[in-house]
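Notes follow once the structure below has been shown.
The values are calculated or read from the model by the stated rules, or taken from the named source; none is laboratory data. Remember, it's a predicted structure, so these values are computed and weren't measured experimentally. No Cβ is skipped: glycine too gets one built from the backbone with ideal geometry, and neighbour counts run over all protein chains shown. Quick note on the areas: whole protein, heavy atoms, side chains included, nothing else; ligands and nucleic acids left out. Shrake-Rupley method; radii C 1.70, N 1.55, O 1.52, S 1.80 Å.
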Amino acid sequence: MEKLVKISEEKNKKLNKIELLKKEHSPQEAWEKLEYYAEKGFSSIPEHDLNFFLKCFGIFYRPATPERFMIRVRIPGGRLTYEQAKKLGEVARKYGNDYIDLTTRMQVELRYLRIEDIPTVLKELENVGITTFQTGVDNFRNIVQDPLDGLAYDNVIETWNILQEIQKIFLKKPEWVCKLPRKFNISISGSYSNRCNVYGHDLCFVLAEKDGIFGFNVYLGGKVGEIAKPADIFVTGDLVPIFFKGIAEVFKKYGFRDSRNKNRLKYLIDAVGIAEILSAIENETGINFQKAGKTLTQLEGGDYTGKVQLKDGSFAVHMIVPSGIFSGSDMIKVAELSSEKGNGEIRLTVEQNLYITGVKDIDGLLSDNIFKKYKNKSSVYFSNLVACAGTKHCPFGVIPNKPDAIKMAEYLTERYPLMCDEGKLRMYWSACQKGCGIHGVGDIGFVGVKFKKDGKPVLGVDIYYGGTVTGESQEGKLLLKSVPLEDAKFYVEEIIREYISFKKEKESFEKFYRRILSKISKEAFKFILIFNNLIKRNYPYLRLEISENLLNRSSEEEEIFVLGYQLYRRATGKSPYSRPIILEIYDEPDPEKPSRLNSDIPKDLDRIILKMIDKDPKKRYKVFTEIEEDLKTIKL
């Protein structure tokens, strides 16, 4: 532990401004004055409570809605009873403009609340067993688990009781409220299917087996842009809370408090190594933990199937809530349906949707009018759509986001109809780089950005692809930067066209990515999208496509040749060489200029096509960025 102590002391010599603020004031002071603020009104709230300490209790001021607040409600594991769901709906309807957001941490956010009403709202929620404590800033956030925990056939270990034991350690305990260097996210799943983005958190307990015993492998250091890494530790259910307490103490004692941008658990692990962290945890707990077993949470989620049969023979019926935009009135209706047609329980998902569980009369449930508003089964573009708050409700948002996500899904549904039982596509939208829309693990991810085009500010997105949730997951790769919002759909539809063209029956995009897209370079795929968007209006017949010849090439130069060969054929109707293999064309005659065979082809494009397939390696393009630069000089 010597290294851990030394680096921590060095990093914490200079504290960031939030840590200095914590020394001057406390969250307890803010909590004790809440009734006073409610009585005296908005203007009575000092800045340090308004902008920081009230967030410890899930109370967020949002300047986009002046003098109105958002409260984030902790819903452990996404589980809501009939009484809790009904109360949430009633509170939203009475105090919050009948508006609810479902979040990617299986939580509920209520908006448009006045400070005068917040103490009453919190008491009403507490009366049905739900709280807003520690849902913001430097706290242990809502713990996520499989939404079908304890119910689904592929659920091996029910984790609900374990989750509650973890939560008892810190929830509403003064020694833990706002005592961490930064926020800390936790996941636990005892299921084969990954229905809760289980690998995307600071601390992850993932179903595993060792020597015939079922328990959990531990993964550490996940955050936006980083999948958690295996810690090579196996714990049984009874040891999960102990391990959590150990790492909690280690992070509180030794976590970095200098830079707010680099003080998540990941950065402590990066600085000292995972072995040092584990040594500190074992020192804290007095336990030498076992080495990891075999991770079993490998499969795709299942949120897109419309219904899932449960162990008791009943069903969990899915309800799609596009971008998580819900209402109090609809929450009340869902609560009533859960009581009438189900077992009185609702399960929220990390994809901002929900299940009504324990349903036996599926047709009777689906005949209710609410399923006309929120579909049970929809297109692949809506079924697994995620979008965080955006500029309307979040001060960090760069783009509107939720409306953008819905518009994209509507456009693709109309142009490329594909129902959820024909495939699966996860489009995840984050309104800014903070990544609350978990864009990094989306099949296609979007991040809101602002940039200049022709000297004028433009709203747009960076587009990612290839995030995965099966196996041990991986982050998506940045594909396109600074795409104007109005143009993003044209690039995405090119991706969708390739998916539809290549996918096997009922194949998900993730499996298509592993089978096809992972076998061509990001640069080649980016070029295909850029080129196809340039020529779509005037030269649609030149559209490039992924082909078997493009897969598993050893270099960009080979990929360029394959695409140039295809492009020459599209332009002329002829092959440039008798053999489409880059190493076998040295003795072939030079191909004719495409414009001589097709007068419609611009002469400037001649030069680019021929340079892609030139026999002389010294004259050929070597990388796709060279072609992209040349394309900027011609008009297509």
- Give the residue, chosen from Ser279, Ser323, that is of a type in the set (Gly, Ala, Ser) and over 30 Å from Asn12 (Cα atoms). Ser323
- In this structure, does Ser279 turn out to be touching a residue at least 12 places away in the same chain (Cβ under 8 Å), of a type in the set (Gly, Ala, Ser) and open to solvent by 20 Å² or more (accessible area, probe 1.4 Å)? yes
- Reported set for the stretch 612-627 where residues are part of a loop (DSSP other than H, G, I, E, B) and among the β-branched types (Val, Ile, Thr) is Ile613, Val623
- 3 or more residues at negative phi and buried (at least 20 other Cβ atoms within 10 Å of the Cβ): qualifying helices (runs of 4 or more DSSP H) within the stretch 340-442: 380-383, 402-415
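Does Thr305 satisfy being modelled with pLDDT of 95 or more, under 23 Å from the mean Cα position of the chain (by Cα) and not aliphatic (A, V, I, L, M)?
The answer is no for Thr305.
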- Matching option when the condition is β-branched (Val, Ile, Thr), closer than 30 Å to Val447 by Cβ, out of contact with any Cys (no Cβ under 9 Å at 6 or more places or on another chain) and at pLDDT 95 or above, among Ile143, Ile166: Ile143
- Quick one: count up the residues across the stretch 466-500 that are within 23 Å of Thr297 (Cβ to Cβ), open to solvent by less than 10 Å² (accessible area, probe 1.4 Å) and outside any loop (DSSP other than H, G, I, E, B). 1
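Tell me yes or no: at least one residue of the stretch 457-464 is among the acidic types (Asp, Glu) and surrounded by fewer than 23 Cβ atoms within 10 Å (Cβ to Cβ).
Looking through the stretch 457-464, at least one residue is among the acidic types (Asp, Glu) and surrounded by fewer than 23 Cβ atoms within 10 Å (Cβ to Cβ).
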- Task: State whether the residues of the stretch 559-575 include one that is of a type in the set (Asp, Glu) and more than 23 Å from Asp604 (Cα to Cα).
- Result: no
- Do the conditions hold for Ser329, that is, is it over 27 Å from the mean Cα position of the chain (by Cα), within 27 Å of Lys424 (Cβ to Cβ) and surrounded by fewer than 24 Cβ atoms within 10 Å (Cβ to Cβ)? no
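Going through the stretch 165-182 one residue at a time, which ones are assigned to a loop (DSSP other than H, G, I, E, B) and out of contact with any Asp or Glu (no Cβ under 6 Å at 6 or more places or on another chain)?
First, pick out the residues of the stretch 165-182 that are assigned to a loop (DSSP other than H, G, I, E, B): 171-182.
Across the stretch 165-182, the qualifying residues are Leu171, Lys172, Lys173, Pro174, Glu175, Trp176, Val177, Lys179, Pro181.
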- Quick one: would you say Tyr199 is over 30 Å from Ser26 (Cβ atoms), of a type in the set (Phe, Trp, Tyr) and open to solvent by 10 Å² or more (accessible area, probe 1.4 Å)? no
- Take the residues in the stretch 501-516 that are assigned to a helix (DSSP H, G or I) and among the hydroxyl-bearing types (Ser, Thr, Tyr), then tell me which one is surrounded by the most Cβ atoms within 10 Å (Cβ to Cβ). Tyr513
- Query: Which pairs have Cβ atoms under 6 Å, sit 6 or more apart or on different chains, and link a residue in the stretch 434-458 that is under 30 Å from Tyr199 (Cβ atoms) to one that is among the aliphatic types (A, V, I, L, M) and at pLDDT below 90?
  - Reply: Gly435/Val224; Val441/Val469
- Item | Selection status of Arg570, modelled with pLDDT under 95, closer than 25 Å to Ser501 by Cβ and charged (D, E, K, R) | no
- Check every one of the helices (runs of 4 or more DSSP H) wholly within the stretch 1-103 and list those with 2 or more residues that are over 30 Å from Glu336 (Cα atoms). 2-11, 17-24, 27-32, 34-40, 47-51
- Based on what the data block shows, is Ile115 within 26 Å of the chain's Cα centre (by Cα) and either over 27 Å from Leu265 (Cβ atoms) or buried (at least 19 other Cβ atoms within 10 Å of the Cβ) (or both)? no
- Message: Criterion first (under 30 Å from Lys229 (Cβ atoms), among the acidic types (Asp, Glu) and out of contact with any Lys or Arg (no Cβ under 7 Å at 6 or more places or on another chain)) does Asp270 satisfy it?
- Response: yes
- Message: Take the conditions among the aromatic types (Phe, Trp, Tyr) and crowded, with 22+ Cβ neighbours inside 10 Å and apply them to Phe214. Does it pass?
- Response: no
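Determine, yes or no, whether Lys179 is in contact with a Lys or Arg (Cβ under 6 Å, 6 or more places away or on another chain), over 19 Å from Lys291 (Cβ atoms) and either without any contact (Cβ under 8 Å) to a residue 40 or more places away in the chain or surrounded by fewer than 21 Cβ atoms within 10 Å (Cβ to Cβ) (or both).
Yes, satisfied.
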- Message: Among the residues of the stretch 282-298, what is the count of those that are modelled with pLDDT under 95 and either of a type in the set (Val, Ile, Thr) or open to solvent by 90 Å² or more (accessible area, probe 1.4 Å) (or both)?
- Response: 1
- Do the conditions hold for Ile227, that is, is it open to solvent by less than 40 Å² (accessible area, probe 1.4 Å), of a type in the set (A, V, I, L, M) and within 22 Å of the chain's Cα centre (by Cα)? yes
- Criterion: touching a residue at least 60 places away in the same chain (Cβ under 8 Å) and either open to solvent by less than 40 Å² (accessible area, probe 1.4 Å) or more than 20 Å from Phe525 (Cα to Cα) (or both) - qualifying residue of Tyr621, Tyr586, Tyr568: Tyr621
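Every residue, every condition in (1) touching a Phe, Trp or Tyr at 6+ places or on another chain (Cβ under 6 Å); (2) in a loop (DSSP other than H, G, I, E, B); (3) within 20 Å of Arg569 (Cβ to Cβ), yes or no:
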{"residue": "Arg596", "(1), (2), (3)": "no, no, yes"}
{"residue": "Asp600", "(1), (2), (3)": "no, yes, yes"}
{"residue": "Asp604", "(1), (2), (3)": "no, no, yes"}
{"residue": "Leu610", "(1), (2), (3)": "no, no, yes"}
{"residue": "Glu629", "(1), (2), (3)": "no, no, no"}
{"residue": "Ile634", "(1), (2), (3)": "no, yes, no"}
- Message: Residue under question is Arg553, and the condition is that it be surrounded by 15 or more Cβ atoms within 10 Å (Cβ to Cβ), outside any helix (DSSP H, G or I) and basic (Lys, Arg); does it hold?
- Response: yes
- Item | Candidates Thr131, Thr135, filtered to the one that is open to solvent by less than 10 Å² (accessible area, probe 1.4 Å), over 18 Å from Tyr199 (Cβ atoms), touching a residue at least 40 places away in the same chain (Cβ under 8 Å) and touching a strand residue (DSSP E or B) at 6+ places or on another chain (Cβ under 7 Å) | Thr135
